[in-house]
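First the structure, in the form of structure tokens, and then the observations on it.
The values are calculated or read from the model by the stated rules, or taken from the named source; none is laboratory data. Quick caveat, the model's predicted, so the values are computed rather than measured. Glycine gets a Cβ as well: all are built from the backbone with ideal geometry, and neighbour counts include every protein chain shown.
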Amino acid sequence: MRTVLLACCCLMLFGALTSFLCPAQAQTRDRLGFGLVATSAPGAVRDRWQPLLDDMAQALGLTVQPTIYDDYAGVIWAMGNGDIQVACVGNKVAIEAVDRAGGEVAFKAVEADGRAGYNSLLLARADSGLRTVEDMFARAGELTYGDGDINSTSGHVIPGHYLFAPRGLEPRTVFRRVVQNNHEENFLGVAAGRLDVATGNSLNLATSTARHPQAAAAVKVIWTSPLIPSDPLVWRADLEPARKAALRAFLLDYGRPGPDKAPERLNREQAVLRGMARAGFQACDNSHLLPVRRMELVRQRSRILADAALPQAERLRRLAAIDKTLQALPEAVD
Amino acid sequence: MRSFCGFLGQAVGRSRQGLAAKLLLPALSLSLGVGLLLFLFFSEKFARQAEEDLRNRLDSFLSTQAAELEGPVWEFDQAAIDRLFRSYALMPDLQRVRLTDSQGATLALAGADPSPSDRTFAASRRLTRQAGSETYNLGRLEVVFNDSRIRQGLAASRKAELPAALGLAVLFAGVLVVTVHWHLGVPLRRLRESLERNAAAGLRSPLPWQSRDELGQVVDAYNAMLAEVNQYTGSLELANAELQAENLQRRLAETRLTLFKTMVEATDTAMVITDRELRVQETNAACLRLTGFAAEELAGRPVWETFLFPHDRDRMAAVQRCLEANAAWAGEWRGLTSQGARLPLRVTINALHFSGDAAAHHVLVFTDISEQKATQKLLKSLAYSDSLTGLPNRALFMDRLEREICIETRRGRGFALLFVDLDNFKWINDSMSHAVGDRVLAALAGRMRQCLRAEDTLARMGGDEFTVILRETGDAVVVERVVAALLARMAEPLEVDGATLEIGASIGAALYPNDGAASETLMKNADTAMYAAKAAGGSRLRFFEPAIAQKAQARLNLRNKLKRAIARREFVLHFQPIVAMATGAHVHYEALVRWNRPKALVQPAQFIEFAENEGLINHIGRQVFDMAFAQLRDWAGEGVPATMAVNVSRSQFLEEDFVEDLLARATRHGVAPSRMVLEITESLLITDSAAAKVVLARLIASGFRIAVDDFGVGYSSLSVLVEYPVQIVKLDKSLIRPLECDPRARAMVSGFIALFQSLGLEVVAEGVETAVQHEFLAAAGCNLGQGWLYGKPMPATPALAAASAMESRLVVSRLRDKDRPVAQ
């Protein structure tokens, strides 16, 4: 009896230990973690993606577990930790995922309108009297600025690159108040008048407008960025090749007509993509990130130059490091 | 502070014995040790506290910064991380802070590696974040603090606290020292001093004490002991003091006995102590000295057989009886010396009683009263004799006179009473001296004594008056003979002090019983007769006659009348003009006094001399001056410029306050002294030259002018006029009268006039009665004239009225002079 009890205890301890020591292997064997960022309400994001992920699970023959993170960093940490194997994120997050979390760009979304990217926007209330960026900077001292997550490409990196860095300004120092929200909260904040100006992007504006048509009427775009490369789909570089292949096969096929694809199925796939404001996915690699990577480095460089508190030696050292990285970047492929 | 140190030093210096020091040394060292230990304990405690604080701060810093950094690390926000790390540079105590990621790579670093001397406190914390269902290890934050700052703070506070602690220790020590000093040292010292004080003999005074502590109880016990000791010593001392007082009294008694003995031996009074039967037992030195006996000769013998002469048995018995009855006797007794001489003794005998016993002894006290007896005799003679001359005095003389009257009333033979008064004796006294006068009196008394019989009485009545009783001499002829001899003897030249004097005497005689039966009458009549003799020129005898008495009475009457006249101011002034000879103008008036009696106007010749002799002239003189000044004032009011001449008598002039009185009168009447000429006689200047000179000088200095009157009758001394500062000379009428007939007189007068004028004196001719005299005088250059020719004395108003008439008369006489040549 005692021996049995002891054995049971040992077994339980072993079990706990094994489950603790090698969770990834245990989970990844029949499960695929899919990370998403709540650019709008998490439920809405899940709703948008769930059909695709269901299809993916069916096609791959394993459980696709979607995890929706409140912020972009969560995706990176989760991928780094092995909690998720695949994530659909912005360019900036993709850079971090590649650099820190062992990620690898595998696909890029094809926009619903067929473009290769989307735009970052500055939103203001239609009746605010702000029509241009110049208007905004002229009245910056009295405005509340709705910034995006610092790892958001359209919400933070692109406006920083195009609007603040060239002027040598920081949103924190220019505006009366700066808050960080996701894209939909920024949109709703502007509409409700809580925010005077906020960042956003064309994709989210479209989905938010669809969800909140009344609010959309109160919001107008005062600045539109140049085209941003589309959001990439990143997987862990150490994902099993079979699984990578299966995933690639699934995604590149999804929403495309194929010889052995039933039309109903195609229609359903295209409907799912439309719900996601996408047209489908294309294969690509880490070079997809180059433009944003360069942009981010330049932005960092200008911020270092503008940081008066930084000791000169440190500044030079950092600048030299950035310059070195910049020079090392290969030219963008397209 | 210095005194405190001094006390501390003192306390330590006395440490070998001092109770205070014994208490203080352990207390002080204990307090110092405890203070040091406490200081060390607390400083250690503070150090640990600070360390604890540092650890707490490290923990809280770590917590807050971990929370702070979690977001940026999560979001890979290197800029925010850098920003935070840069802010850590300001953090005190921070040595190093490092942020590493989950792989251990350094994300951020601030501070430096600790130096080996610093103690460091390190802590680290894992940064985690929950996302989805997972918790992510974001990295690790390591923080190292060093304690250099708190060590510096501790060192600084120690630096401040150590002196404070030391100060406190010193203060505590000081308070302790002072407390011990005041509550132990001082009271013990007081107690010790009291003990030392009370160790000496004498009254032991208790120690006053306030505190009721143990020392107070000790002092109470001590005081109680003192009280007891005082009680014992008090009774002892009392007995001792009584003994000493007794001793003192005995010594005093002995001293007194010795003193009495010495006194008895030293006194001049003879003393003898006898037994009841007056047998000598003790004698003193004075007794032996007085009686001449030796003490052995007297001892045991009755006084009657030794120094008291037993001449009267009855008195001796009376003395014995008196002693038995009264225990005392006093009286005079004839004494006897060892040589047999007798002396009068004043003897007092007293019985001596000792403490109520019957008298066993007598004390005889006796003195030699022979000197007293002699003095008594002398006094008796002095009472009846004149000390200067040794003659009987008035009292004895009157007694003798009464006795003589009694005798002669019975026998009927009669006697003569002479009254002798020396002539000019007053002059001798005044001009020479009283000593000379006294010698003259003594010498003359001797001469008179020689001329009289022994049975006659010569007495001095006083002054220069002597009286004589010529016994049994009733015959005037005999009296005349005796008096002649007397006068002759007295008139003999007398040498006194090198001067030869001839002194006469006026003698009046009255005969008993013809010239009076009573002594007073006889004396008065003899005096009257003497006065008559003096009036007749002196150096002669006058017998009393009724006529003389009448004359004397008349004089008395006149005197009384004059006195009344002075009191009633019965005198008036008449004025005789003195004219300038050249012009005939009235220059002066001589004021002449008249006695305005009810029936007639009395001329001065009839009373002035009498008044002078009677001493009344000064009263009259003052009235005359008053009247003269009043007249001058009236004239001044009427515009009459004349001055006035007033005669001054000798006694008036020599009166003590003459000048002051005169000036006071002049001032009272408001008359300038220069308007008055004082006329004095030449004799005055000669007889009283010294006094007169002084008075003259003062009068002239006061402004009066002085005229010498009646020049030419007396001495006619020219030297007087030169010597004295007189301004006017009046030639006497005896010089003027013979001018008409005597050529020598004319020569003399013209000579005088020329002489005086050359001396600068004004010359007044008196008694000018005829034109011839006037002409001669005018021709001789005489300035002024006075006389009937110009005007008789008359009252003021007629005198002024006559002035103009007088001038016209002179004009007539001048006109006549033109026809005739001036008489030679």
Please indicate, with yes or no, whether at least one residue in region B:212-221 is under 21 Å from residue B:368 (Cα atoms) and touching a helix residue (DSSP H, G or I) at 6+ places or on another chain (Cβ under 6 Å).
-> no
Hits in region B:277-298 - residues which are loosely packed, with under 14 Cβ neighbours inside 10 Å and in a loop (DSSP other than H, G, I, E, B) = B:277, B:294
Within region B:494-520, restricting attention to residues that are at pLDDT 90 or above and under 15 Å from residue B:444 (Cβ atoms), which residue is farthest from the chain's Cα centre (by Cα)?
-> B:507
Helices (runs of 4 or more DSSP H) (entirely within region B:720-790) containing at least 1 residues that are within 14 Å of residue B:579 (Cα to Cα) | B:771-780
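Would you point out which residue out of B:439, B:460 is in contact with a strand residue (DSSP E or B) (Cβ under 7 Å, 6 or more places away or on another chain), surrounded by 14 or more Cβ atoms within 10 Å (Cβ to Cβ) and within 20 Å of residue B:538 (Cα to Cα)?
Numbers: B:439 fails: within 20 Å of residue B:538 (Cα to Cα).
Of the residues listed, the single one that is in contact with a strand residue (DSSP E or B) (Cβ under 7 Å, 6 or more places away or on another chain), surrounded by 14 or more Cβ atoms within 10 Å (Cβ to Cβ) and within 20 Å of residue B:538 (Cα to Cα) is B:460.
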How many residues are farther than 21 Å from residue B:456 by Cβ and of a type in the set (Ser, Thr, Tyr) if we restrict to region B:482-507?
-> 1
Check A:167, A:131 and return the single one that is assigned to a loop (DSSP other than H, G, I, E, B), closer than 16 Å to residue A:197 by Cβ and either at pLDDT 85 or above or among the small types (Gly, Ala, Ser) (or both).
-> A:131
Going through region B:463-487 one residue at a time, which ones are loosely packed, with under 14 Cβ neighbours inside 10 Å and within 58 Å of the chain's Cα centre (by Cα)?
-> B:463
Taking region A:30-55 on its own, how many of its residues are over 15 Å from the mean Cα position of the chain (by Cα) and within 14 Å of another protein chain (Cβ to nearest Cβ)?
-> 2
Counting only residues that are small (Gly, Ala, Ser) and assigned to a helix (DSSP H, G or I), which one in region B:501-541 is farthest from residue B:480 (Cα to Cα)?
-> B:519
Looking at region A:254-277, is at least one residue polar (S, T, N, Q) and under 20 Å from the mean Cα position of the chain (by Cα)?
-> no
If we keep just the residues of region B:82-96 that are surrounded by 14 or more Cβ atoms within 10 Å (Cβ to Cβ), out of contact with any Leu (no Cβ under 7 Å at 6 or more places or on another chain) and more than 10 Å from chain A (Cβ to nearest Cβ), which is nearest to residue A:304 (Cα to Cα)?
-> B:85
In region A:134-151, what residues are touching a strand residue (DSSP E or B) at 6+ places or on another chain (Cβ under 9 Å), of a type outside the set (D, E, K, R) and at pLDDT 85 or above?
-> A:136, A:140, A:143, A:144, A:145, A:146, A:148
Select the strands (runs of 3 or more DSSP E) contained entirely in region A:25-124, then report the ones holding at least 3 residues which are in contact (Cβ under 8 Å) with a residue 24 or more places away in the chain and of a type in the set (A, V, I, L, M, F, W, C).
-> A:31-37, A:86-88, A:103-111
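Out of B:164, B:122, B:131, which single residue is under 30 Å from residue A:74 (Cβ atoms) and either in the same structural domain as residue B:38 (by TED's automatic domain parsing) or acidic (Asp, Glu) (or both)? Reasoning before the result, please.
Working: B:164 fails: under 30 Å from residue A:74 (Cβ atoms); B:122 fails: under 30 Å from residue A:74 (Cβ atoms).
Being under 30 Å from residue A:74 (Cβ atoms) and either in the same structural domain as residue B:38 (by TED's automatic domain parsing) or acidic (Asp, Glu) (or both) holds for just one of B:164, B:122, B:131, which is B:131.
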Quick one: in region B:294-311, of everything that is in contact with a Lys or Arg (Cβ under 9 Å, 6 or more places away or on another chain) and either not assigned by TED's automatic domain parsing to the domain that holds residue B:353 or not aliphatic (A, V, I, L, M) (or both), which residue is nearest to residue B:340 (Cα to Cα)?
-> B:309
With the condition kept exactly as written, say whether any residue in region B:107-115 is surrounded by fewer than 17 Cβ atoms within 10 Å (Cβ to Cβ) and within 14 Å of chain A (Cβ to nearest Cβ).
-> yes
Residue pairs qualifying under the 9 Å Cβ cut-off, at least six apart or on distinct chains, with the first in region B:469-484 being in the same structural domain as residue B:401 (by TED's automatic domain parsing) and the second being aliphatic (A, V, I, L, M) and part of a loop (DSSP other than H, G, I, E, B), are B:470/B:452; B:482/B:452
Given (1) of a type outside the set (S, T, N, Q); (2) in the same structural domain as residue B:444 (by TED's automatic domain parsing); (3) modelled with pLDDT of 85 or more, number of the condition residue B:536 does not satisfy | (3)
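Taking the options A:118, A:72, name whichever one is more than 13 Å from chain B (Cβ to nearest Cβ) and within 16 Å of the chain's Cα centre (by Cα).
On the way: A:72 fails: more than 13 Å from chain B (Cβ to nearest Cβ).
The conditions single out A:118.
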Inside region A:250-306, can you point out the residues that are farther than 18 Å from residue A:230 by Cα, basic (Lys, Arg) and either crowded, with 17+ Cβ neighbours inside 10 Å or outside the structural domain of residue A:100 (by TED's automatic domain parsing) (or both)?
-> A:299, A:301, A:303
Considering region B:333-357, residues that are among the charged types (D, E, K, R) and exposed (fewer than 13 other Cβ atoms within 10 Å of the Cβ), and then whichever is farthest from residue B:269 (Cα to Cα), we arrive at B:357
Answer yes or no as to whether residue A:96 is within 12 Å of chain B (Cβ to nearest Cβ) and acidic (Asp, Glu).
-> yes
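When you go through A:222, A:228 one by one, which is the residue that is aliphatic (A, V, I, L, M), at pLDDT below 90 and closer than 26 Å to residue A:166 by Cα?
Numbers: A:222 fails: at pLDDT below 90.
None of the others qualify; the one that does is A:228.
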If residue B:590 satisfies every condition in (1) under 28 Å from residue B:564 (Cβ atoms); (2) of a type in the set (Asp, Glu); (3) surrounded by fewer than 22 Cβ atoms within 10 Å (Cβ to Cβ) but one, which is the exception?
-> (3)
Reported set for region B:233-262 where residues are acidic (Asp, Glu) and farther than 23 Å from residue B:198 by Cβ is B:242, B:246, B:254
Which numbered condition residue A:128 misses (of (1) in contact (Cβ under 8 Å) with a residue 40 or more places away in the chain; (2) surrounded by fewer than 19 Cβ atoms within 10 Å (Cβ to Cβ); (3) over 18 Å from the mean Cα position of the chain (by Cα)) | (2)
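Under the condition of being more than 14 Å from every other protein chain (Cβ to nearest Cβ) and not aliphatic (A, V, I, L, M), which residue from region A:56-69 is surrounded by the fewest Cβ atoms within 10 Å (Cβ to Cβ)?
From region A:56-69, those more than 14 Å from every other protein chain (Cβ to nearest Cβ) are A:56-64; that's our starting set.
Restricting the remaining residues to those that are not aliphatic (A, V, I, L, M) gives A:58, A:61, A:63.
Details: A:58: 11, A:61: 8, A:63: 12.
Among residues in region A:56-69 that are more than 14 Å from every other protein chain (Cβ to nearest Cβ) and not aliphatic (A, V, I, L, M), the one surrounded by the fewest Cβ atoms within 10 Å (Cβ to Cβ) is A:61.
Scan region A:83-93 for residues that are more than 20 Å from residue A:64 (Cα to Cα) and either within 13 Å of chain B (Cβ to nearest Cβ) or of a type in the set (Asp, Glu) (or both) and report the count. If you could, list the steps in order and put the result at the bottom.
The first filter runs over region A:83-93 and keeps only residues more than 20 Å from residue A:64 (Cα to Cα), leaving A:90-93.
The next check asks that each one be either within 13 Å of chain B (Cβ to nearest Cβ) or of a type in the set (Asp, Glu) (or both); those that pass are A:92-93.
The qualifying residues number 2.
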